[in-house]
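See below for the structure under consideration.
The values are calculated or read from the model by the stated rules, or taken from the named source; none is laboratory data. All figures in this text were calculated on a predicted structure; none of them were measured in a lab. Note: ideal-geometry Cβ built from the backbone for every residue, glycine included; neighbour counts use all protein chains shown.
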Amino acid sequence: MECHGAWTSHDVMWHGMNVFGNLDLDVLYSKPVECPVGNCNSRMAPMELLAHLLMRHCPQESMLEINANWPTLYEIELAKLTPGRNHVIAVIAYAGPPNPSRSCPVTPELQIVHHMPMLMLLYITPPEPDVEQAYVFYLVSPTDSRSVNAHVTLIDCTFTHEMRGLRCLRNSLDAPLQNSDRLLHCNTDYLVYTAEDIQKLCEIGKKESIFSKIILYGQPDLFG
Ligand SMILES: [Zn+2]
């Protein structure tokens, strides 16, 4: 396969258009996802899982605190994923821009006022004849906050190639978002990669595993 040093979003976009037509994105919100805390094994819809993580588990067991403009990487082991299911990629307590006047560590006393809880999920479409599989990444939080958004990309195991997905709105009737098309919002849009995109990254890294890079921006304000 021919690999270029850097891909333009057009490469991804052309493939993404083909798979996107068959995708009912709203359905993802009702698909159960497994709780990522070891030995829990509970399964529930993504929004319920967020509440479950906050109420049934200690935040420091499951959540990673992230400040604004701070890139974090999450390994995605492809062999462990099941098509037709949601998977938790990251559980985040977003603290926003650093604020010296308040303490930020994720502790049992984590205050929802200070940290915006978020999940990054991945859904893989089931295999169908003549339709390329889609890898759909999306963010879930308690609000449709437009003041917080994320730059999400995939990177191969050697950290040499970064790939942007095709950003799609959850509801095609929504007005186009004002922000840059490089940013992913909570509960409103999605990032789609094709199986071919994922395969390209695996071939570069020579491993059935890739990384997702997330950088969050904005001021978390759940009640604003
Ligand atoms: Zn649990």
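As a summary of the residue check, Asp11 satisfies the conditions (1) at pLDDT 90 or above; (2) away from the ligand (no atom under 16 Å from the Cβ) except for the one numbered (1). Of all residues in the stretch 31-57, those that are in a helix (DSSP H, G or I), touching a Cys at 6+ places or on another chain (Cβ under 9 Å) and more than 7 Å from the ligand (Cβ to nearest atom) total 1. In the stretch 38-58, the residues that are closer than 17 Å to His115 by Cα form no Cβ pair under 6 Å with any partner that is of a type in the set (D, E, K, R) and more than 11 Å from the ligand (Cβ to nearest atom), whether six or more places apart or across chains.
Number of residues in the stretch 145-159 that are over 8 Å from His185 (Cα atoms) and part of a loop (DSSP other than H, G, I, E, B) equals 5. Being modelled with pLDDT of 95 or more and within 16 Å of the ligand (Cβ to nearest atom) is a property that Ser62 lacks.
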